[in-house]
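Take a look at the structure below.
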Amino acid sequence: MPAMPTFPTMPAIRLPARCRGFTLIEILIVLAIVAILALIALPSFLDTIIRNDIVEALPLADIAKKPVGDSWTLTQAFPADNAAAGLPVPEKVVNNLISSVSIEGGAIQITFGNRANAAIRGKVLTLRPAIVKDAPIVPVAWVCGYAEEPGQMTVQGVNKTTVPARYLPFRCRSSG
């Protein structure tokens, strides 16, 4: 077997202190700052996820809005319940996030359940009809949750909203 050639070794080069990189303590400080910022942002992020669930669930109420609005236009009265509005029983009006939709004196009561976040499961969001009493031709407007009534309109029905305001979409919160 032939002899391996030997190569001259390179002399050790010492880098100045400013070129050596970060120390362990500096890296740990940066990681601690990043962790603190993440912990501050997390609750806001979770609230946004729940708020998006509510927004995603609201279109199911549209099937109840039309018969309630039609009832006002034709009779100037609101249906007392789902049967009077021509809808199935509340427990049959469901989707992935809603366990029931019921009409009570024209107000639409949406109960969250099924795959809804645990923070809103079992909670209720109310959509109340707002009308101009002496002008039935004016379409019904809908007041969501804790929102204030539109000017010169009268809100009908009882607000039974139990969803905490921080989870509600901005249009469902009071301005105060």
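Observations, loosely collected:
- Condition check for Tyr146: crowded, with 22+ Cβ neighbours inside 10 Å, over 15 Å from Val68 (Cα atoms) and aromatic (Phe, Trp, Tyr): no
- Qualifying residue in segment 110-130 (condition: in contact with a Leu (Cβ under 7 Å, 6 or more places away or on another chain) and over 20 Å from Asn96 (Cβ atoms)): no
- Residues being hydrophobic (A, V, I, L, M, F, W, C) and surrounded by fewer than 21 Cβ atoms within 10 Å (Cβ to Cβ) - total across segment 117-128: 3
- Residues of segment 64-103 satisfying the condition of being assigned to a helix (DSSP H, G or I) and either over 15 Å from Val140 (Cα atoms) or not charged (D, E, K, R) (or both): Ala64, Pro67, Val68, Gly69, Ser71, Trp72, Thr73, Leu74, Thr75, Pro90, Glu91, Lys92
- Residue count, segment 105-135 (criterion: in contact (Cβ under 8 Å) with a residue 24 or more places away in the chain, assigned to a strand (DSSP E or B) and in contact with a Ser or Thr (Cβ under 9 Å, 6 or more places away or on another chain)): 10
- Out of Ile63, Ile54, sole residue that is touching a helix residue (DSSP H, G or I) at 6+ places or on another chain (Cβ under 7 Å) and under 30 Å from Ala83 (Cβ atoms): Ile54
- Of Ala61, Ala38, Ala57, all but one fail to be part of a helix (DSSP H, G or I) and loosely packed, with under 14 Cβ neighbours inside 10 Å; the exception is Ala38.
None of the figures in this text is laboratory data; all of them are computed from the coordinates on show. This one's a predicted model, so the numbers in the text were calculated from it and none came from an experiment. Note: ideal-geometry Cβ built from the backbone for every residue, glycine included; neighbour counts use all protein chains shown.
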